[in-house]
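Participant: Got a structure for you, written out below as structure tokens; questions coming shortly.
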Ligand code: G3P
Ligand code: MG
């Protein structure tokens, strides 16, 4: 078996797109990821007040746009006036806050696959509605676009499984809970996305032994993960794919 100290191309996921060089969770950041040779992007999905799914990390647009407001108070018609690029750099002025529909179509054009992270926020009317609308939008993807679903919310993954059992489902954790195996079985899911700071050789060996895949987030320093690839780490989520793809 070949020994390696880094990921294969298909194991690198651009976190919120190539968010080190472009405004996170925008078409520009996904285009930049493709430009760096990434095959996968990670993106965050949430709903506006009218149920429109959008690609954004926070519950408000304050940090990543030139406007202020909560997703709970915005509808699709408000998106046109939002500049989600200038906060990052003037060269991205006018970059839209994208709907999931727009992103799904861009993925096809850019030849990218996506790890779609479902964010469960307090303003969402129901988890079932959230998961259903996300699945409906993802069904419109190009035939060559691969999708995996991740969430910090085990029930969101369970609901997604019930709607379409063909998705790879990844449980997100910042720290590994004592009952991690029970939680995975309850979904059921076979993949963990773990904060790289919580990763250990011992845990990775046990996960591999149990047939569980593990990816690490959000690691921008390849040296930190070098010892894990040979033990069975199957991916990294990074703001800067270029550091792994040189
Ligand atoms: O998917 C890994 C990572 O995106 C989870 O944390 O807060 O960046 O969405 P966050
Ligand atoms: Mg995320």
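What follows is calculated from the coordinates using simple rules that are stated; it is not laboratory data. All figures in this text were calculated on a predicted structure; none of them were measured in a lab.
Participant: Obtain the radius of gyration and the Kirkwood radius of the range 122-181 from its C-alpha atoms and give Rg over Rh.
Facilitator: Values: Rg = 12.8 Å, Rh = 12.7 Å.
Ratio value, two decimals: 1.00.
Participant: I'd like the Kirkwood hydrodynamic radius of the range 1-52, using the inverse of the mean 1/r over distinct C-alpha pairs, in Å. Display every interim value, and only then the final one.
Facilitator: Working: mean 1/r = 0.0819 Å⁻¹.
Here the Kirkwood hydrodynamic radius works out to 12.2 Å.
Participant: Over the range 173-246, what relative contact order in percent results from Cα pairs under 8 Å that are six or more residues apart?
Facilitator: Working: 89 pairs, mean separation 20.6, N = 74.
For the range 173-246, the relative contact order is 28 percent.
Participant: A further question on this structure: Can you list, largest first and rounded to whole Å, the semi-axes you get for the range 152-246 by taking the square root of 5 times each eigenvalue of its Cα gyration tensor? Working shown, then result.
Facilitator: Working: eigenvalues 112, 47, 26 Å².
Working through the eigenvalues yields semi-axes of 24, 15, 11 Å.
Participant: Please state the equivalent ellipsoid semi-axes for the range 49-133: what are the square roots of 5 times the Cα gyration tensor eigenvalues, largest first, in whole Å? Walk me through the intermediate numbers first.
Facilitator: On the way: eigenvalues 86, 66, 23 Å².
Working through the eigenvalues yields semi-axes of 21, 18, 11 Å.
Participant: Across the Cα atoms of the range 162-214, what radius of gyration and what greatest pairwise Cα-Cα distance (Dmax) are found, in Å?
Facilitator: Every Cα atom of the range 162-214 included, Rg and Dmax give 11.1, 35 Å.
Participant: How much space per residue, in cubic angstrom, does the convex hull of the C-alpha atoms of the range 1-92 take up?
Facilitator: Measuring per residue, one finds 109 Å³ for the Cα hull of the range 1-92.
Participant: Work out how far the C-alpha atoms of the chain reach from end to end along every principal axis, then list the three figures in whole Å, largest first.
Facilitator: Principal-axis extents of the Cα atoms in the chain, largest first: 53, 39, 32 Å.
Participant: Hey, another quick one. Go ahead and estimate [θ] at 222 nm for the chain from helices alone: -39,500 (n - 2.57) per DSSP H run with n ≥ 4, summed, over the residue count, rounded to 500. Before the final figure, lay out each step's value.
Facilitator: Values: 6 runs with 58 residues, N = 246.
When only DSSP H runs of four or more count, the value is -7000 deg cm²/dmol.
Participant: Just how far, in whole angstrom, is the range 210-237 from the range 1-55 if you go by their alpha carbon centroids?
Facilitator: First find each Cα centre; the distance between them is then 16 Å.
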